[in-house]
Amino acid sequence: ILVYPRVLQNLFPLTGVCRSPLGMSRGQILDEDISASSQWSDSTAAKYGRLDCEEGDGAWCPEIAGEPENMNEFLQIDLRSLHFITLVGTQGRHAGGIGNEFAQTYKIKYSRDGSRWISWRNRQGKEVIEGNRNAYDIVLKDLEPPIIARFVRFMPVIDHSMNVCMRVELYGCEWLDGLVSYNSPLGQQMTLNGHHIYLNDSVYDGAMGYSMTEGLGQLTDGMCGLDDFTHSHVYNVWPGYDYVGWTNESFLSGYVEIMFEFDRTRNFTTMKVHCNNMFSRRVKTFQKVVCYFRSELDWEATPISFSPVMDDVNPSARFVTVSLYNHMASAIKCQYYFSDIWMMFSEITFQSDTAMYNTTLAPPKTGPPIRDDPTHKVDDSNTRILIGCLVAIIFILVVIIVIILWRQVWQKMLEKVSRRMLDDELTASLSIQSETFTYNNNNSPSSVSSEQESNSTYERIFPLGPDYQEPSRLVRKLPEFSQTSEDTGEFQNVQEGVPHYAEADIVNLQGVTGGNTYAVPALTMDLLSGKDVAVEEFPRKLLTFKEKLGEGQFGEVHLCEAEGMQDFMDEDFSFDVIENQTVLVAVKMLRADANKNARNDFLKEIKIMSRLKGPNIIRLLAVCMSSDPLCMITEYMENGDLNQFLSRHEPEGMIALLSNAPTVSYSNLHHMASQIASGMKYLSSLNFVHRDLATRNCLVGKNYTIKIADFGMSRNLYSGDYYRIQGRAVLPIRWMSWESILLGKFTTSSDVWAFGVTLWEMLTFCKEQPYSQLSDEQVIENTGEFFRDQRRQIYLPQPPMCPDPVYKLMLSCWNRNTKERPSFQEIHQTLLDCKP
Ligand SMILES: *[C@@H]1O[C@H](CO)[C@@H](O)[C@H](O)[C@H]1NC(C)=O
Ligand SMILES: *[C@@H]1O[C@H](CO)[C@@H](O)[C@H](O)[C@H]1NC(C)=O
Ligand SMILES: *[C@@H]1O[C@H](CO)[C@@H](O)[C@H](O)[C@H]1NC(C)=O
């Protein structure tokens, strides 16, 4: 089992979440930053090597001249700054069926400074990566160990059998630590009961002579060692793999000195060193550390020194945090003093400010890898202006916070009032669009745009599994091709094949419309496009605007009344409405000037939605496609969402009697919960993963009927339910399972977890947020406790009106082990069995 240091210590799951596409397919990487050793023709130049793009002749193809054996053709990507790269994707040249070239195997080289190139090897030392088997499927490979680099080269292995073309994508995130290399004495070898324990730096990518220089390796690979250093969580490696270790016999000075070089001068707050402390084997954390700083050209005379408290009781490996007292430095040299015979580290991280400072005096020794990055130009401006800017930004932030708070209060009031003002609503032509929202197609976690990007460019794999799946295999598991396959082992793969928010390039909370966030297992859209959309065109003029439900950068979601909707519904679906009466519908509109990508995504969303036909799932009723803006019309239920519905009500009892508030009986509550379970049973039978199940996403109709929808993220009202990680992903963490948060895995089992939370919300009548006493950071910390499973995790408490069997059901949904969580089938049955 892996512990990601940043997951549990710094509160952001780097390896779990750091998996966003870096912009080959989406175009954030510019043509000029993509180059190649050669090209077959102008129409197969480097810039056409973008994953999932069909421009030019459909891929990059090198010119094959001479003997393939000596060829070193490459496609090079310049990321403009250091990135932590965890995953790569490759694809061949398909060109609509004309092409059939792909790379069966390839290698990767990378560089941080553009001059020293390093061949990537996996943890077992293998350089060659298995690539594609056909010209169209995307194959993704986890990079274990991950790469920290600015430049990456894909080097197809070329042989006589076929021509090679490639389209590629890199996944990861920016490397904020800024560390470009560490120099350290070589790790040593321990002999323990006749066995050798190799404590060398197994993945160091610099030079290894008498000492290690100019590289990064095990101390920055995002992986912490186990308590017992003789074991490793990496499969098939030598004992001691996770640690770099030294014995005091080789260091007469009593310390090991490691020097760290950074990309620029930074303002350092802390250093965290992950140390082994297996004292029974004479391994202990360092007893003292002395650190020197080089801010300009010289080393400062006065070091800082720190002595951690020695722990002779608890043998677990741990992070030791050393405060660096806001020293400015571009290099740090630390001397770690032995406190016993052995000292072993598995990870060292640095925390520093992210502001830019004047660094013209101190170019880092290992080369200036990010000099020409436009975002680092600020370096040359002077500090005073910068401080001025910071003050201004803080001021603006304060203003924004005030506005947001004010809007939330206002919105809550509006929500209450507006439902009672149906009569004097304005009628708006839907073609008149608000000018205030802008479309940007990278931004939406719930929108299908990012969804499809994930679907097509990304098959979710367990972060460490070297395995991958071809979409064509998964296609067979689509509803048309299979009935439910819940009991097969393969089903697990499908679930894991589901993409998650983290890969999508999510930036902005406002950048979200009420899209649905259903995830489709590695759905190839080609397959769908062969099918007719069985959704009819609805005349726009029959829609009457009532209220805005949400908005985002993609468009808006409106609550409308529709006339004559009955004629548009297929026979197997009956809206319980009287002939010629208007019905409430939700209308999702795409901004009229949206670009091609957004339109395609919108069409794909329609195709997905049109397949969902369960009694407890919101249905797509009709579309308006004949003119702009494109609209998607879905059901809406008269009582709004379950969260608001329950907050307006009280449980039957004294309080309700006294306050004269409307009530919901326990049996109706139970009835509603069963319907949610039934809707989820349906979704899971299709292998759909919802990923945002919560009361805010369930709609309430007549007689307590419930249908599951997905509007949550588009509404400001609920923005507090979502947590933004590193300005990247916006996630409903209070509803998310530990593995979704830490490992980025979204499966039916994580939907089951969310169901448990939803049930809890219902039984508390949505009077408070789950874990309302915990901050977002504490919620994530608690997730770490679930992961560690040392009985320190906090569960949601049993609500006063919740019977024991139902609380037991909730607890089973929050089982640490996904396999031990009940299926929706079982949940549904349990709820039926304990019907009041
Ligand atoms: C570390 O030691 C192991 C075991 O002797 C060896 O196979 C491996 O090549 C070494 N790694 C490096 C980078 O020296
Ligand atoms: C480093 O950051 C701290 C806190 O943000 C600030 O107080 C200090 O002045 C900074 N140091 C320098 C030299 O700018
Ligand atoms: C190494 O550490 C042990 C335990 O602290 C000590 O007894 C021994 O003298 C040290 N060896 C050297 C060479 O300093």
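Since every read-out is calculated from the coordinates, none of them should be taken as a lab result. Quick caveat: nothing in here was measured; it's all calculated off a predicted structure. Neighbour counts are summed over all protein chains in view; Cβ atoms, including those assigned to glycine, are modelled from backbone coordinates with ideal geometry.
Taking amide H as placed 1.01 Å from N in the peptide plane, the amide H of Leu621 sits under 5 Å from that of Ile633, Thr634, Glu635, each at least 5 places away or on another chain.
Using a Förster distance of 25 angstrom, determine the FRET efficiency expected from the C-beta separation of Glu63 and Lys596, and round it to 0.05. About 0.20, to the nearest 0.05. Close amide H contacts of Gly49 (hydrogens built in the peptide plane, cut-off under 5 Å, sequence separation of 5 or more or a different chain): Trp60.
Using the count of nearby Cβ atoms within 10 Å as a rough guide to exposure, how do Tyr204, Tyr636, Tyr682 rank from fewest to most?
Ascending number of Cβ neighbours within 10 Å: Tyr682, Tyr204, Tyr636.
Classify segment 16-58 as rounded, prolate or oblate from the Cα gyration tensor: take a ≥ b ≥ c as the square roots of its eigenvalues, call it rounded if a/c is under 1.5, otherwise prolate when a/b beats b/c and oblate if not. Prolate, because a/c is 1.5 or more and a/b exceeds b/c. Phi angles of segment 219-228 translate, via the Karplus equation with coefficients 6.51, -1.76, 1.60 and θ = phi - 60°, into HN-Hα couplings of 6, 10, 8, x, 10, 8, x, 7, 4, 9 Hz per residue; Gly and Pro are given as x. Within segment 19-178, DSSP assigns beta bridges of which about 95% are antiparallel (rounded to the nearest 5).
Model label sites at Asp42 and Glu820, defined 7 Å from Cα along the beta-carbon direction, differ in position by 6.5 nm. Which of the three applies to segment 778-817, rounded, prolate or oblate, going by the alpha-carbon gyration tensor with a ≥ b ≥ c and a/c under 1.5 meaning rounded? Here segment 778-817 falls in the prolate category.
Rounded if a/c is under 1.5, else prolate if a/b is larger than b/c, else oblate: which is segment 199-351, with a ≥ b ≥ c the root eigenvalues of its Cα gyration tensor?
The shape class here is prolate.
Other residues whose C-beta falls under 10 angstrom from the C-beta of Phe229 contribute a net charge of -2, scoring Lys and Arg +1 and Asp and Glu -1. Neighbours of Ala36 by Cβ distance under 11 Å: Lys/Arg scored +1, Asp/Glu scored -1, total 0. Placing a label point 7 Å from the Cα of Glu547 along the Cα-to-Cβ direction, the residues of segment 681-709 whose backbone N falls under 20 Å from that point are 694-709.
I'd like the distance between the alpha-carbon centres of segment 577-653 and segment 298-333, rounded to an integer number of Å. Going from one Cα centre to the other spans 56 Å. When each of the peptides 96-107, 169-180 is scored by how many other beta carbons lie within 10 Å of its residues on average, the order from highest to lowest is 169-180, 96-107. The ranking of Lys613, Lys284, Lys767 from fewest to most other beta carbons within 10 Å of each one's beta carbon is Lys767, Lys613, Lys284.
Quick one: net charge around Val128, please, counting Lys, Arg +1 and Asp, Glu -1 for every other residue with C-beta under 13 Å from its C-beta. It works out to a net charge of +2. For the pair Gln778 and Asp228, the difference between a 0.36 nm per residue extended length and the Cα-Cα distance amounts to 195.2 nm. Each label was represented as a point 7 Å from its Cα along the Cα-to-Cβ direction; for Cys834 and Asn134 these points are 4.7 nm apart.
Suppose R0 equals 60 Å; then what is the FRET efficiency for His195 and Val391 from their Cβ-Cβ distance, rounded to the nearest 0.05? The computed FRET efficiency comes out at 0.50. Cβ crowding within 10 Å ranks Ile304, Ile197 as Ile304, Ile197, fewest other Cβ atoms first. Using the Cβ-Cβ distance between Leu405 and Asp298 with R0 set to 35 Å, the FRET efficiency from 1/(1 + (r/R0)^6) comes to roughly 0.10.
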